[in-house]
Every structure is written in structure tokens, then in C-alpha cells.
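Q: Can you keep this structure in mind? I'll have questions shortly.
What follows is calculated from the coordinates using simple rules that are stated; it is not laboratory data. Predicted, not measured: the structure shown is a model, and the values here were computed from it. Cβ atoms come from the backbone with ideal geometry, glycine included; neighbour counts cover every protein chain shown.
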Amino acid sequence: MTASTSHGLTVTEVRLTPVLVADPPLLNTQGVHQPYTPRLIVEVVTVDGVTGLGETYGDTKYLELARPLADRLVGHRADDLNRLFAEADQVAVDAARVSGQVDVGGLRGVQTADKLRLSVLSALEVACLDALGKSLGLPVHALLGGKVRDAVEYSAYLFYKWAEHPEGVPAEKDDWGAALDPAGVVGQAHRFTERYGFTSFKLKGGVFPPEEEIAAVRALAAAFPGHPLRLDPNGAWSVETSLKVARELADVLEYLEDPTLGTPAMAEVSAGTEVPLATNMCVTTFAEIKEAFTRDAVQVVLSDHHYWGGLRNTRHLAAICRTFGVGVSMHSNTHLGISLAAMTQVASTVPNLHHACDSHYPWQSEDVLTERLAFEDGTVRVSDAPGLGVELDRDRLAFLHRRWLDDDGTLRDRDDAAAMRVADPAWTQPAVPRW
Ligand SMILES: O=C([O-])C(=O)C[C@H](O)[C@@H](O)C(=O)[O-]
Ligand SMILES: [Mg+2]
């Protein structure tokens, strides 16, 4: 396709800057978070000199696709997004990246060529919408049809956690302390409410045997009576174990997230419990929706603009969920403020988003913005400033990029099992179901 005639919105350059950002030792069923995690910062520059910002995963397999996809945008207008998405499948994905693979790094389901591309396109889309909004003097939510709420609610994302990364590993310190038992989890939840005012809580499970995690959720229910609670073991349990946990926590769970792996197993659990099942593992692509919805395997889908392919696709997903009477919530992997701003903008436009969204942002002490986004009473205010309403701090970007350049490659790809092996050399990626 030929480039569009030059116009103020024509994209002259796309800057791609991988960074490594500090991450605390958060535990999940695969292992533990690395001390630094990769993200990719995208800047789309137009003829008029406007710069739009986007952010996505920074692992090598995304970086490989980012340049060829970005090159397809250069010379076209920032509002030429449907063409960009339509042409994206002409960008080849290395078969070794996808053949028969499940994405273990981010615990977000199947890995397909399309999903890899969408995970990069999403950042280009967000950056284009930011640029477009800044050019027109409109917030991104206005470009999506307008907000239906002025603040977006987030949940406290609780993790089992070590006090610090293993001895001898270069890392930033954090002030959250350890959380390795019910008292530790409740203490962490109190710190979340004190610092950010969150009123709903999600515990990342699949770390300890289910009885211990049931006890932690019970302790949360006692400490925060009536507050929405979720437990997410990322598919670590068998159908039988999932049903047992659902029975024991039925009176306190808002939903149980990915108790077991795959749509058939989720459907079996769903048939045996009244507790709603949520997922960011068995429904992560449009192709997976039909089977899951017709089998009533899930009652809530966690959207995520990164891998669903942007803010417009998030709205498509929400519309499909609405059609089938399935609820919508929002997933997050480790992310910075550009993504939180994008998540908040799109969430503000989705009428059927009735659950507090997930966000890792409170765990991130570092950012690339001049001003961090703030949580107040567990919500982020929806910005009405042009674009995403955030500004890049070039010195911080350069600093975090320098860390990426200086890394020998060990941390450039998220690998929670490898990070765990530093503390426990015998650790191997656990077979599922673990329990
Ligand atoms: O809801 C989820 O499944 C996640 O947030 C996946 C993440 O990878 C989480 O488990 C993490 O950061 O360890
Ligand atoms: Mg999940």
C-alpha cells in the first residue's frame, strides 16, 4: 500500500526504547519476578512535531517484531490504524517463537503469531491515539466515544513475596516487606489500603499448597469483611482441587481466576460451582471465545489491551462479552504509567466493566513519566487532558534504557523460573496441575 499524502498527522518516526525496570520479588506458580523486568517504550512522532506514547512487553520476541511493524506506520497518518492492523500479518513471526508454545513468561495463555503481533500493535495504537488526541486537543477516551465514568477502580494486587531478592543479586530495595503466610498477606493488604485506598483485593496464588492459600483468603475476609476478594493460581490446580477451593471459599470470593488450565477443565469446574470463574489464560484471543462461552467455562474475561491488540479491540471484546452475558474485568502484567494511563482511558469507556481492574503499578517504584499516576480511594481519575495526559521524562527513559543496554541478556527476557533458580538451584518449571 502506498503511503498517505503528507499531512500534519503523518508519522515521520517511531522511536522504540527497551528499558529494564525494578521489580520486587513477587512469587507466582512459575517462580519469582526478576529484579528487573523488560518493557518497551514507543514514541510516534508526526510531521507537526507531536509525540504520542505507548508501552508494551519488552522481551526479545516483541522487540523482533516492533521495528518491522513500526516501519509500516512511518509515512502513514496516525489515524490510519485499521490499515496498519490489516497489513500486520505480512510481518513474519519466527516460527520458533510460537510453535506449540504457551506463554509461560507472562502467564497469559496460548502464544500465537497473531497475539505476538497484537502485543506490539497495541503499543503503536496507543501511541497513535495519544498523538491524535494531542493534535486534536482531545483525551483518548473522546476518540473512543467518550467516558462513562470519571474514575476507574483498581484492586489491590496482593502477592506472596520475599522481603528482598536473593543475596548477591543486584536489585532495588522495596519497603513492602515479606508476605509468606496469612498474616503477611493481610499486612500487605493493609499497606495497600493505607497507601492507595483500595477496597477490593486479588491474591496471586498457585504458590503454596491450596490449604495455605485458602487460609490467606479467609484471613483477608476476616480483616476486610464484605470486600470483594479474588484468588488466582494461574491454572495450578486440578479440576478436583479447584472445586474443593471453590466450595471452601464460596461465601467470600467475588470470582476465582484461572483455577485450572484450559477451557475444557474450566468448563468442568464451572459446571460444579456457583462461584464465577474469571480468566486471562483460556480466553486471550478472539479465536478462543466461542468454545469458552458456548461451554460456559468462564463468567468473567479479563481484558488486557496489550495482548488483545489495543484500546479499540478491548472495546470489541467488551461488546462480545456483553452480548453473551459474560462479565469484564482487566488483567495486568508488570507495567509503567503509560500503560496505566491507557488502561484507565479505555476502562473509562467500557460500560460493562463492573469489576475493579488489576494493576501491578503500585509494585513499580520506577517510571518513565515526569509525574506518576496516583491512586485515590482505590481509583485513578480519568484524565481529560489531550491524549493520554502523561509526559515522558527523557532522563528517566535514558537511565532505564542504559540499564537495558548494560545487561548481558540475562534479564532482557522475563523468566520467573530462572529467577527462582538463583535462590533454589533445583527449581524447575512446575508441571501443572501442581495440586
Ligand atoms: O492475572 C494474572 O494471571 C497475572 O497477572 C499474570 C502475571 O504474570 C502475574 O502472575 C505475575 O506478575 O506474576
Ligand atoms: Mg490471572
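Q: Among ARG247, ARG108, which comes first, second and so on when ranked by fewest other beta-carbon atoms within 10 Å? It would help to have the intermediate numbers written out before the result.
A: Details: ARG247 13, ARG108 24.
The order, fewest Cβ neighbours first, is ARG247, ARG108.
Q: Roughly what % of DSSP beta bridges within the chain run antiparallel, to the nearest 5? Provide the component values of the computation, followed by the final result.
A: Numbers: 29 of 51 bridges.
Among the beta bridges of the chain, antiparallel pairing accounts for roughly 55 percent.
Q: Evaluated at 20 °C with a viscosity of 1.002 mPa s, what Stokes-Einstein diffusion coefficient in µm²/s does the range 148-381 have when Rh comes from the Kirkwood expression over alpha-carbon pairs?
A: Result for D is 118 µm²/s.
Q: In addition: Using only Cα atoms and rounding to the nearest 10 degrees, what angle (0 to 90) does helix 182-196 make with the longest principal axis of the chain?
A: 40
Q: THR428 versus ASP296, label points 7 Å from Cα toward the beta carbon: distance in nm?
A: With each label point 7 Å from Cα toward Cβ, the separation is 4.0 nm.
Q: Between the range 382-405 and the range 265-337, what is the C-alpha centre distance in whole Å?
A: Here the answer is 30 Å between Cα centres.
Q: Per-residue HN-Hα couplings for the range 351-365, Karplus 6.51 cos²θ - 1.76 cosθ + 1.60 at θ = phi - 60°, whole Hz, x for Gly and Pro?
A: x, 8, 8, 9, 10, 4, 7, 7, 8, 7, 3, x, 7, 9, 7
Q: While we're here: Provide the per-residue ³J(HN,Hα) series for the range 370-377, in order, calculated from phi with Karplus coefficients 6.51, -1.76, 1.60 and θ = phi - 60°, each as a whole number of Hz, with x at glycine and proline positions.
A: Calculated HN-Hα couplings, in order: 5, 9, 5, 6, 10, 9, 10, 6 Hz.
Q: Amide H neighbours of ARG77 under 5 Å, at least 5 residues apart or on other chains, H built in the peptide plane: list them.
A: Amide H to amide H, under 5 Å and 5 or more residues apart or across chains, ARG77 pairs with SER4, VAL11.
Q: Let me ask another. Which residues in the range 7-29 place their backbone N less than 19 Å from a point set 7 Å from the Cα of ALA178 along the Cα-to-Cβ direction?
A: Under cut-off, by backbone N: 24-29.
Q: Let me ask something else. Once each part is reduced to its C-alpha centroid, what is the distance from the range 40-54 to the range 93-161 in angstrom?
A: 17
Q: Nearest 0.05, what FRET efficiency do ASN82 and HIS401 give at R0 = 22 Å with Cβ-Cβ as r? Please list the in-between numbers first.
A: Numbers: r = 31 Å, r/R0 = 1.43.
Efficiency, rounded to the nearest 0.05: 0.10.
Q: Okay, next question. Classify the range 327-435 as rounded, prolate or oblate from the Cα gyration tensor: take a ≥ b ≥ c as the square roots of its eigenvalues, call it rounded if a/c is under 1.5, otherwise prolate when a/b beats b/c and oblate if not.
A: Numbers: a/c = 3.01, a/b = 1.32, b/c = 2.28.
Oblate, because a/c is 1.5 or more while a/b does not exceed b/c.
Q: Also, I was wondering about something else. Is there a quick way to get the dipole size of the range 148-381? I mean about its Cα centre, with the Cβ of Lys and Arg at +1 and of Asp and Glu at -1; what is the value in debye to the nearest 20?
A: Using only the charged Cβ atoms, the result is roughly 660 debye.
Q: Most mobile of ASP174, ASP358, ASP406 per a Gaussian network model of the chain (Cα springs, under 10 Å)?
A: Result: ASP406 has the largest fluctuation of those listed.
Q: The chain: D in µm²/s via Stokes-Einstein (Kirkwood Rh, Cα pairs, 20 °C, 1.002 mPa s)?
A: On the way: Rh = 21.8 Å.
The Stokes-Einstein estimate is 98 µm²/s.
Q: For the range 309-318, just list the computed ³J(HN,Hα) in residue order, Karplus coefficients 6.51, -1.76 and 1.60, θ = phi - 60°, integers in Hz, with x standing in for Gly and Pro.
A: Per-residue couplings from phi come out as x, x, 6, 6, 5, 4, 6, 4, 4, 4 Hz.
Q: Pairs to check: LYS61/LYS147; LYS147/LYS202; LYS161/LYS290. Give those whose C-alpha atoms are more than 30 Å from each other in this structure.
A: Working: LYS61/LYS147 34 Å; LYS147/LYS202 26 Å; LYS161/LYS290 37 Å.
The answer is LYS61/LYS147; LYS161/LYS290.
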